[in-house]
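Structure, as structure tokens:
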Amino acid sequence: MSAHEGTPAPGDPDGTLAALAAHGPRYRLGLGAPPPGEPGWLAADRLLDPHGPELSRLLDTEHRGSGHRTAHAAALTLAAVYAGRVTAAAVLHWALTGRVLDVRPGNVLVRPDPGHGIAGVRLRTFRVLDAAPDGGAATVHDTVLTAHLLPLADALRQRTRAGLRQLRGGVAHGCATALGASRADPAPLARRWADFLDGAPGGLAALGDVATVTRQDGTRRLVYLRRTCCLFYTSAEAVRCASCCLTSVDERLAAYARRA
């Protein structure tokens, strides 16, 4: 089978989704059709149309919720929060196991958060894609980046004229956060991040670095240091994100270390 041919399985037969959810809320994936009484779900493949109503709804929800002054600033924030939530479980699962969940847009539903970001993610079908002999890096690139996040960045670029390099910086930030937000050992995660960047499309390797910090409780976490700006400081919160490239590296590392 190719990297795009997986074997569908009914439900979650080996507890993969439950194990991922144990790493934190951002890794929680629903399965199948949304339950009754949960409106607002969007088909991820429809978000790739720069002029479609689904992308309009997602972008407008983020624009209103974050209080950004411009649509292009909302698009930059959206690229980062989308990548840090919608495909996060797949990136972490690949890093830990070498297996790639099918998060191609045709298999994904997303629910915008009226406040900010993504409130929920669902897979239409649980499917693990066959990994290439390189430890799955090519498969995760094809599934997460080439099929999903980079086309979304392109659509946001066409829709809002936000800078493509900045949008891709958000993609890189979100993918790195998928590793750093977990409770897993940061040392092997850093090595897997290097594997992820090796040959990654979109020039992601040039858009930031990872580092390891020790928090006040003694735990160690992988953190991302951006080289592009998401303009979140122009939102209603009027604060720089923790990874903001307008803040010095030393200040960012110190702020990450102070986190609980």
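Does the stretch 180-209 hold any residues that are in a loop (DSSP other than H, G, I, E, B) and at positive phi, and which are they? Answer for the stretch 180-209, where residues must be in a loop (DSSP other than H, G, I, E, B) and at positive phi: just 199. Restricted to the stretch 36-125, the set of helices (runs of 4 or more DSSP H) holding at least 3 residues that are modelled with pLDDT of 95 or more and surrounded by fewer than 23 Cβ atoms within 10 Å (Cβ to Cβ) comprises 53-66. Of the candidates 206, 194, 162, the single residue that is touching a residue at least 24 places away in the same chain (Cβ under 8 Å) and small (Gly, Ala, Ser) is 162.
Against the test of being out of contact with any His (no Cβ under 9 Å at 6 or more places or on another chain), more than 21 Å from residue 140 (Cβ to Cβ) and either at pLDDT below 90 or β-branched (Val, Ile, Thr) (or both), the options 228, 177, 234, 247 yield a single qualifying residue, 247. When the residues of the stretch 220-260 are filtered to those that are hydroxyl-bearing (Ser, Thr, Tyr) and free of Cβ contacts under 8 Å to residues at least 12 places away in the same chain, the one that is surrounded by the most Cβ atoms within 10 Å (Cβ to Cβ) is 247. Screening the candidates 212, 177, 146 for the property of being of a type outside the set (A, V, I, L, M) and either buried (at least 21 other Cβ atoms within 10 Å of the Cβ) or in a loop (DSSP other than H, G, I, E, B) (or both) yields one hit, 177.
Residue check: residue 199 meets all listed conditions (1) at pLDDT 95 or above; (2) more than 23 Å from residue 253 (Cα to Cα) but one, namely (1).
Would you check if residue 133 is surrounded by fewer than 21 Cβ atoms within 10 Å (Cβ to Cβ), out of contact with any Gly (no Cβ under 9 Å at 6 or more places or on another chain) and at pLDDT 95 or above? It would help to see each step written out before you state the result.
Working: surrounded by fewer than 21 Cβ atoms within 10 Å (Cβ to Cβ): yes; out of contact with any Gly (no Cβ under 9 Å at 6 or more places or on another chain): yes; at pLDDT 95 or above: no.
Spelling it out, it is not the case that residue 133 is surrounded by fewer than 21 Cβ atoms within 10 Å (Cβ to Cβ), out of contact with any Gly (no Cβ under 9 Å at 6 or more places or on another chain) and at pLDDT 95 or above.
Across the stretch 106-117, not a single residue is classified as in contact (Cβ under 8 Å) with a residue 40 or more places away in the chain and in contact with a His (Cβ under 6 Å, 6 or more places away or on another chain).
Determine which member of the set 200, 236, 155 is of a type in the set (Gly, Ala, Ser), closer than 30 Å to residue 49 by Cα and more than 18 Å from the chain's Cα centre (by Cα).
On the way: 200 fails: more than 18 Å from the chain's Cα centre (by Cα); 155 fails: more than 18 Å from the chain's Cα centre (by Cα).
Going through 200, 236, 155 in turn, just one is of a type in the set (Gly, Ala, Ser), closer than 30 Å to residue 49 by Cα and more than 18 Å from the chain's Cα centre (by Cα): 236.
The residue of the stretch 1-35 that is modelled with the highest pLDDT, among those that are of a type in the set (A, V, I, L, M, F, W, C) and assigned to a strand (DSSP E or B), is 31.
The values are calculated or read from the model by the stated rules, or taken from the named source; none is laboratory data. This is a predicted model, so every value here is computed, not measured. All Cβ positions, glycine included, derive from the backbone under ideal geometry; neighbour counts span all protein chains shown.
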